[in-house]
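Please read the structure below before turning to the comments.
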Amino acid sequence: MGKVMYTFDEVRNRIAQGKKLLLAGDESLLRKLPPGDWVAGTIPYFMAEEGSLCTRDKIYVIELPAFALDVEIKAYDEETIPKVNADAPGNGFSVIIIPAKCNTHYSFALNAPSYEGFAQNPLIGWVSGVHLDDLDKITPKVFNGVTTEALEEGAVVMHVTLPRDKVADIGIINIFEQGEGDDISFLADGFSAKEAYINGKKRNFAEYVSEKRLDKRLPLVADYYGAMINTSFQEGEEPEEEVRFYAPVFSGVRYRHAKPVKDPIGRFAAMEPAGIGDRVLLSCNCILNYLYVGSGGTTEITGPTTFGEIAYQLLNQTLVYLRIIDLPYER
Amino acid sequence: MRVPPANDPLWTEIVTGKARCDFEFLAIKILLGTLGRTWAKNPSPVILRECANELREFFAQNADLPSVRNDLKRLFG
């Protein structure tokens, strides 16, 4: 596992050398960086070389490999983000970073599956955040390195073109599975729900959660044709009228509360593809895994800890990663 | 690799869930999650055909990827 955390001066030098960078770190450092081919999101939590790390003094750096043919950095807003897939290169991948709790975050979360070109090209990324002590004091930000502009509303995307004998592949590691409990579905798409269908019967969802004493550290899990997709509970003040989530629930999807995981760190390790650490270009893991699992979970993969992960759409409590695969032929 | 034509009944069976496959490619699973939901909310023949066509088009555009080739073999032999 190589070095991933760098000082401000080291990052500044890399930018001056023309390196193409994906960055994560504290706003106070990112604001001072010079213009260049980089995008960034704020966060002080990382899966670093030595394990889980919280620091405001260093920046997590992903440097694109030299074989990346072309890079286009674009900023989007709530109106233009539906074009993110249409703007993707014919062969490559796109990295998106969105500030938590902005309108673009919510709009992307709800609408990404209906965007033109959804899932057609690799789209990976994360939702930027802040130190948990700074919640409601400082807003999460993303940075367009070309302009050095900091955005608290919108998204920055780096579209990367790859040579035709290489392809980007996105994977996820989700330690949660559907439990054996009730089938849960929702009346409408949204980040909150007052009512839900429990085994086909409509009832007040907050009352159901309370009655069943559902552990809110465990997400709701939907089975997308074998991919387990989480929706995490957002803790609020009791009693709640509505149950809130960190990603939207979607109507027409059958959820179950997740099974408890006895050894989450061991499960992360068991689910990591062997030798993956050396082949992953970028990865990120959910802050809820950082908080609930303790170490951030993984043993080989490093990356920023995030307020939401993106693998084609918004995910929760999941590790997402991107690898570059060599093809024995050209696409 | 040849991708079966849009009128192959397996495409609609995948969308409805009648045919299940242990797909390797994550994007297929994510896309099917959305297509399955779209059809479930409006289970008409027109919507089913649109979803099946979108799925088939996805396979056609990505048929040169190793994992998609593996998934095509799993589906169609």
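Ordering A:Trp38, B:Trp39 by how much accessible area each has at a 1.4 Å probe, largest first, what is the list?
B:Trp39, A:Trp38
Report, as an integer, the average count of C-beta atoms from other chains found within 10 Å of each Cβ along B:36-43.
Numbers: counts 4, 9, 3, 1, 5, 4, 1, 0.
Counting other chains' Cβ atoms within 10 Å and averaging over B:36-43 gives 3.
Could you work out the mean count of beta carbons from other protein chains within 10 Å of each residue's beta carbon in A:113-125?
3
Taking only the alpha carbons of segment A:1-88, what extent do you get along each of the three principal axes, in Å, biggest first?
38, 29, 26
Find out how many positive minus negative residues lie around A:Tyr6, taking Lys and Arg as positive, Asp and Glu as negative, among other residues whose Cβ is under 12 Å from that of A:Tyr6.
Net charge around A:Tyr6: 0.
Top mean-square fluctuation among A:Gly266, A:Gly92, A:Gly25, Gaussian network model of chain A, C-alpha springs under 10 Å?
Its mean-square fluctuation being the largest, the pick is A:Gly266.
Return the whole-Å distance between the Cα centroid of segment A:19-62 and the Cα centroid of segment A:171-209.
35
Tell me the chymotrypsin sites (Phe, Trp or Tyr not before Pro) within segment A:243-331 that lie in a loop according to DSSP and have at most 12 other beta-carbon atoms within 10 Å.
A:Tyr329
Using the Kirkwood radius built from alpha carbon pairs, what does the Stokes-Einstein equation give as D for chain B at 10 °C and 1.306 mPa s, in µm² per second?
129
Give the Rg/Rh ratio for chain A, taking Rg as the radius of gyration of the Cα atoms and Rh as the Kirkwood radius, to two decimals.
That ratio is 0.96, to two decimals.
For chain A, what is the relative contact order in percent, using Cα pairs closer than 8 Å and at least 6 residues apart in sequence?
That works out to 21 percent.
Which trypsin sites (Lys or Arg not before Pro) does segment B:1-40 hold that lie in a coil by DSSP with at most 10 other beta carbons within 10 Å?
Sparse-neighbourhood loop trypsin sites (Lys or Arg not before Pro): B:Arg2, B:Lys18, B:Arg20.
How large, in Å, is segment A:249-331 by the Kirkwood hydrodynamic radius built from its alpha-carbon pairs?
Details: mean 1/r = 0.0695 Å⁻¹.
One over the average 1/r among Cα pairs gives 14.4 Å for segment A:249-331.
With N set to the number of residues, divide the alpha-carbon radius of gyration of segment A:171-218 by 2.2 N^0.38 Å and report two decimals.
Compared with the compact-globule rule of thumb, segment A:171-218 sits at 1.27.
Can you tell me which of A:192-198, A:124-130, A:67-73, A:141-147 comes out highest on packing, and rank the rest after it, using the mean Cβ neighbours within 10 Å?
Ranked from most to least packed, the peptides come out as A:124-130, A:141-147, A:192-198, A:67-73.
Evaluate peptide A:161-168: per residue, the Cβ atoms of other protein chains within 10 Å of its Cβ; return the mean as an integer.
Whole-number average of other-chain Cβ neighbours for A:161-168 is 1.
Just to confirm a number: summing +1 for Lys and Arg and -1 for Asp and Glu over residues other than A:Tyr106 whose beta-carbon lies under 14 angstrom from that of A:Tyr106, what do you get?
Around A:Tyr106, the surrounding residues sum to -4.
For segment A:253-295, report the convex hull volume of the alpha-carbon atoms normalised per residue, in Å³, without decimals. Kindly include the intermediate steps, with their values, before the conclusion.
Values: hull volume 5.5 nm³, N = 43.
Measuring per residue, one finds 128 Å³ for the Cα hull of segment A:253-295.
For a quick size check, give me the Cα extents of segment A:146-203 along its three principal axes, largest first, whole Å.
51, 33, 19
How long are the three semi-axes of the equivalent ellipsoid of segment A:42-176, in whole Å, if each is the root of 5 times an eigenvalue of the C-alpha gyration tensor, listed from largest down?
They are 24, 20, 15 Å, listed largest first.
Evaluate Rg over Rh across segment A:113-244, taking Cα atoms for both radii and Kirkwood's formula for Rh.
Rg/Rh: 1.03.
Order the peptides B:54-65, A:222-233 from the highest to the lowest mean number of other Cβ atoms within 10 Å of their residues.
A:222-233, B:54-65
Quick one: with all protein chains in place, what share of the accessible area of segment A:7-128 is carbon or sulfur, to the nearest percent (1.4 Å probe)?
Numbers: 2070 of 4600 Å².
In segment A:7-128, the share of accessible area belonging to carbon and sulfur is 45 percent.
Divide by every residue of the protein assembly as shown the summed helix terms, -39500 (n - 2.57) for each DSSP H run of at least 4, and state the resulting mean residue ellipticity at 222 nm, rounded to the nearest 500 deg cm²/dmol.
Calculated mean residue ellipticity at 222 nm is -6500 deg cm²/dmol.
Quick check: convex hull over the Cα atoms of segment A:177-331, volume per residue in Å³, rounded to an integer?
Convex hull of Cα atoms, per residue: 132 Å³.
Could I get the Rg over Rh figure for segment A:71-151? Both from C-alpha atoms, Rh via Kirkwood, rounded to two places. Please report the intermediate quantities before stating the final value.
Values: Rg = 13.3 Å, Rh = 13.6 Å.
Checking Rg against Rh, the ratio lands at 0.98.
The values are calculated or read from the model by the stated rules, or taken from the named source; none is laboratory data. Quick caveat: nothing in here was measured; it's all calculated off a predicted structure. No Cβ is skipped: glycine too gets one built from the backbone with ideal geometry, and neighbour counts run over all protein chains shown. When the accessible area is computed, the model is the full protein with side chains, heavy atoms only, and any ligands, DNA or RNA have been set aside. Shrake-Rupley method; radii C 1.70, N 1.55, O 1.52, S 1.80 Å.
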